[in-house]
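Asks: Can you read through this structure? Questions will come right after.
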Amino acid sequence: MRLLLVGFALWLISSAFLVFLVGSILWLSRKISSLRDADGLEWSRLTAFGLLAPPSLGIVLTIAGLSSAISCPATSVRNYHLCLHLAKHLCGHASATAIWKSHSLLLAALVWLGLTGATTVVLSRRAKLVKRFRPSPKLKRAIALAQLPPNLPVWESDNEAPAGLVGVLSPSIFVSRETVQRLPLSALTTVLRHEYAHFARKEHWLRWLLFVVAFIFAPVPFAVWLQREWRYACERAADDFAAPDSKSARSLADALSAVQNFVGLSDGQLRHRIERLKAKRTNSKHAILFGVGAILASLVLGVFAFSLPSIWLTFHCLAEALILR
């Protein structure tokens, strides 16, 4: 159990560094390069990759740090990157105060892990709180026109939100009764197609994974920004899926305008989505290639930084202090 907790603490540290590195480079590239043209599906893929890649690589760095501490006796001088302590670095086991510090770090990691898990469980239960009613005849006609798969149930609800996809293992779509009453059949069908797009792209489970990652690294700059950008990009990508032609785009724009008083988006975001639906949209393949290159370059830079003796030996000594004390 202690080894797992030590691994979690080391993973937090290494992944936080990589999240900051990837997020900062993506943010800067978004401001000054062709990456600002990425939108919808393109940008959602980039932000998801940018948020999931650092923790994945952090696992590799953690395993390497644990292995170096476990397999390297304190008196051994076998490998420069594992055991040689001649390079200048911070040695976590050099003083008695390191014992208290290492115990405090493990306790903080345990508390943060519990807080993250508890928050995720509480939020996951919100889907069960949505009061469901059988679809009305109008909604049934819209479901038939939208050609939704049989494994995706649709319900009416008294929720304040106009519509949404809820659930992870057993996802379903809810549409508020007010939305059903206000919108014409064509617009209601387009709204259902929009929610189905989230289901088709597996966002009902990806959003929880990204939320947990963003919550764990919330104190790290750009972590929450990446998750927020992914969420907004997914809405635009779902708009593109539901409105592939000008007629359906106008229908969805009218639907967004009709529910703007109670939709869960700010006026600026909603206005941008409506204007975007009415404008001609183009794909920018070079932008997404540039974004992937920026993320990969960030990860390579992070690995290079960890390979420097001063940083790697500090990481190695921290692993030793956490395991041995």
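Asks: Leaving out ligands, DNA and RNA but keeping every protein chain, what accessible area does His286 have, in Å² rounded to the nearest 10, with a 1.4 Å probe?
Replies: His286 exposes around 110 Å² with every protein chain in place.
Asks: Here's another thing I want to ask about it. For the range 146-215, run through the GluC sites (Glu not before Pro) and keep only the ones in DSSP coil with at most 11 other Cβ atoms within 10 Å of their Cβ. Walk me through the numbers before you get to the answer.
Replies: Details: sites: Glu156, Glu160, Glu178, Glu195, Glu203; in loops: Glu160.
Sites meeting the loop and neighbour criteria: Glu160.
Asks: In whole Å, what are the Cα extents of the range 147-204 along the three principal axes, biggest one first?
Replies: If we take the Cα atoms of the range 147-204, the spans are 30, 21, 17 Å.
Asks: At 1.4 Å probe size, with every protein chain present, just tell me what the per residue accessible area of the range 125-191 comes to in Å².
Replies: 58 Å²
Asks: Now for a separate question. Among Trp225, Ala214, Tyr196, whose Cα projects farthest towards the positive end of the dipole of the range 195-244, with charges put on the beta-carbon of Lys, Arg (+1) and Asp, Glu (-1)?
Replies: Ala214
Asks: Over the range 172-218, what percent of the accessible surface lies on carbon and sulfur atoms, probe 1.4 Å?
Replies: 61 percent
Asks: Between the range 26-71 and the range 195-265, what is the C-alpha centre distance in whole Å?
Replies: One Cα centre to the other: 20 Å.
Asks: Among His103, His316, what's the order by accessible area (1.4 angstrom probe), most exposed first? Let's see the in-between values first.
Replies: Values: His103 85, His316 0 Å².
I get His103, His316, largest accessible area first.
Asks: Just read off the accessible area of Asp158 with the full protein assembly in place, 1.4 Å probe, to the nearest 10 Å².
Replies: 100 Å²
Asks: Next question. Karplus couplings for the range 170-182 from phi (6.51 cos²θ - 1.76 cosθ + 1.60, θ = phi - 60°), rounded to Hz, Gly and Pro as x?
Replies: 10, x, 8, 9, 10, 10, 5, 4, 5, 5, 4, 6, 6
Asks: I've got another one for you. Please list, by residue number, every one of the trypsin sites (Lys or Arg not before Pro) in the range 150-233 that is coil in DSSP and has at most 11 other beta-carbon atoms within 10 Å. Mind dumping the intermediate values first?
Replies: Numbers: sites: Arg177, Arg182, Arg193, Arg201, Lys202, Arg207, Arg228, Arg231; in loops: Arg201, Lys202.
Within the range 150-233, the qualifying trypsin sites (Lys or Arg not before Pro) (loop, at most 11 other Cβ atoms within 10 Å) are Lys202.
The values are calculated or read from the model by the stated rules, or taken from the named source; none is laboratory data. Source: prediction; values computed, not measured. Neighbour counts run over all protein chains shown; Cβ positions are idealised from the backbone, glycine included. With ligands, DNA and RNA removed, areas are computed over all heavy atoms of the protein, side chains included. Shrake-Rupley method; radii C 1.70, N 1.55, O 1.52, S 1.80 Å.
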